[in-house]
Amino acid sequence: MRESQWLGHIVNIGSMSANEREKRSLLYVATKSAITGFSEALRKEVNPLGIKVTLIEPGAVGTDMQSEYSPAEQRQRIEEMKMLHAEDIAACVLYTITQPKRCDVITLRSAPTCRRYVC
């Protein structure tokens, strides 16, 4: 991007776990916290070159990593709005990269409507 002078956009996918820091998630929290720090430092390095960096931090998403729930339970939780669907994260990415040049989405947090303590 730097060499071609193309104003680009880097989107990193982190997790709300970097801030929530739930027990029994030590390594996951550590890696997602590292992505947060990496994104912030990278933004400071490349933003003056016209390259945007966005960190998207989703909440619970129906994936293989949600091993405490079977695929059927995940589908149910998605219907109940207690879990996000992968396409929801794709929509966040699309939103981020389609903003006007003057708008820099730095961090986008997306959580299920019915989170642990709501609904």
Whether the stretch 54-119 is rounded, prolate or oblate, judged on the alpha carbon gyration tensor where a/c under 1.5 counts as rounded: prolate
Under 5 Å, built H, 5+ apart or other chain: amide partners of residue 109: 57
Explain nothing, just compute: Karplus ³J(HN,Hα) = 6.51 cos²θ - 1.76 cosθ + 1.60, θ = phi - 60°, for every residue of the stretch 93-107 in order, whole Hz, x for Gly and Pro. 4, 4, 4, 4, 7, 9, 6, x, 3, 6, 10, 10, 7, 8, 9
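Note down the relative contact order for the stretch 9-110 as a percent, whole number, built from C-alpha pairs under 8 angstrom at least six residues apart.
Working: 118 pairs, mean separation 32.8, N = 102.
For the stretch 9-110, the relative contact order is 32 percent.
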Among 54, 67, 103, pick out the residue whose Cα is farthest towards the positive end of the charge dipole of the stretch 9-110, where Lys and Arg carry +1 and Asp and Glu carry -1 on C-beta, about the Cα centre. 103
Sort the following peptides by mean Cβ neighbour count (other Cβ atoms within 10 Å, averaged over residues), highest first: 52-59, 75-82. 52-59, 75-82
Contour excess over end-to-end distance, with Cα ends at residue 69 and residue 7 and 0.36 nm allotted per residue: 18.2 nm
What residues qualify as long-range amide H neighbours of residue 53, i.e. H under 5 Å apart, gap of 5 or more or another chain, H built at 1.01 Å from N? 10
P(r) tail fraction, the stretch 9-110 - alpha-carbon pairs more than 22 Å apart, %: 37
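Bear in mind that the values in this text are calculations on the coordinates, not laboratory data. If you're wondering where the values come from, they're calculated on a predicted model, not measured in any experiment. For neighbour counting, all protein chains shown are included, and Cβ atoms are generated from backbone atoms with ideal geometry for every residue, glycine included.
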